[in-house]
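Asker: Have a look at this one before I ask anything.
None of the figures in this text is laboratory data; all of them are computed from the coordinates on show. None of the values given here were measured: they were computed from a predicted structure. Every residue, glycine among them, receives a Cβ derived from its backbone with ideal geometry; neighbour counts consider all protein chains shown.
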Amino acid sequence: MVGASVSAGFTESEPLGGPATLQHRLSRYVDAALLVPHEPVQNLATSLFFVQPEALGAQQIQAAVKAQPSLLLGIDFLFWFCYGEGSTDAERLQRFEKGLKMLEVFQCPLVLGDIPDASAAVNGMLRPDQIPSAKAMAAANHRLQEWAATRPQTGVLHLSTFMLTVVSNQALTVHGYTVPEGKTRMLLQNDRLHPSPPGCAVVALAALDAVNVPKPASASAAEICWDPKELYRLVFKPTAGTEKKQPKPAAPVAPAPK
């Protein structure tokens, strides 16, 4: 996994990290969702990505190449190549192109998140000048789709749809499991930018669902826990003898099969 604070795990109550931060680390959910034996997911993401996206992005890509991954998840890798610094749309799109260029080195299956409208977090986690225009976001997402279309191993995770759906508290379905209307808002933290622990389960499964590798449905069902509620339980299942030491997270949403 490469990327920024969503992948690395972040909660406003622990800006420098801590026990609650670990509850939001996406690699925990991906690891738990994979039901077959596998090497632990290497999470190279950092919540400081926004400070120097080009430099830190290059470092993460270099480390990922050395790891010779069988799958690369860049759920929020491209976010700060569009958000952040940039006085014009052209500057943002030029930087976005640099982010895509870094990813060309990978031949393995790759999942990239597109650019969501995170303007609900303005004057909170994000400053007004860090937010790209709607036109720039649309152009970046069009370019990502164009880029991915020429690379069959690349899948796109539509964070733009996820954010729009969750902020408006509408129903959301991932791989046949639906979080009903009126219940999806809790998939985001109060900062309106980062996923809550139940949201992390949904985002992790949406990323795995976006992997562009054809497989029989029966094999997929046997290899991945697609139920977000069950995945949440697997992540927070206490180890024998440590029940009293585990921090108790918020109660998850109980998605219903559609």
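Asker: For A138 and Q42, calculate 0.36 nm times their separation in residues minus their Cα-Cα distance, and state this gained length in nm to one decimal.
Answerer: Working: separation 96, 0.36 × 96 = 34.56 nm, distance 3.08 nm.
Value of the extension gain: 31.5 nm.
Asker: Would you mind classifying segment 68-128 by shape? Square roots of the alpha carbon gyration tensor eigenvalues, ordered a ≥ b ≥ c; an a/c under 1.5 is rounded, otherwise it is prolate if a/b is larger than b/c and oblate if not.
Answerer: It comes out oblate by the Cα gyration axes.
Asker: How far apart, in nm, are the 7 Å Cα→Cβ label points at N212 and S168?
Answerer: Reported label-point gap for N212 and S168 is 2.7 nm.
Asker: I've got another one for you. Ignoring everything except DSSP H segments at least 4 long, calculate the 222 nm mean residue ellipticity for the chain; use -39,500 (n - 2.57) per segment, divide by total residues, nearest 500.
Answerer: On the way: 10 runs with 100 residues, N = 258.
Value at 222 nm, helices only, nearest 500: -11500 deg cm²/dmol.
Asker: Give the shape of segment 7-121 as rounded, prolate or oblate, defined through the alpha-carbon gyration tensor: a ≥ b ≥ c are the square roots of its eigenvalues, a/c under 1.5 means rounded, and otherwise the shape is prolate if a/b is larger than b/c and oblate if not. Write out the running numbers ahead of the final one.
Answerer: Details: a/c = 1.98, a/b = 1.22, b/c = 1.63.
Because a/c hits 1.5 or more and a/b fails to exceed b/c, segment 7-121 counts as oblate.
Asker: For Cα extents along the principal axes in Å, several values are listed as (1) 53, 40, 35; (2) 58, 45, 33; (3) 73, 41, 32; flag the one computed from this structure.
Answerer: It is the one labelled (1).
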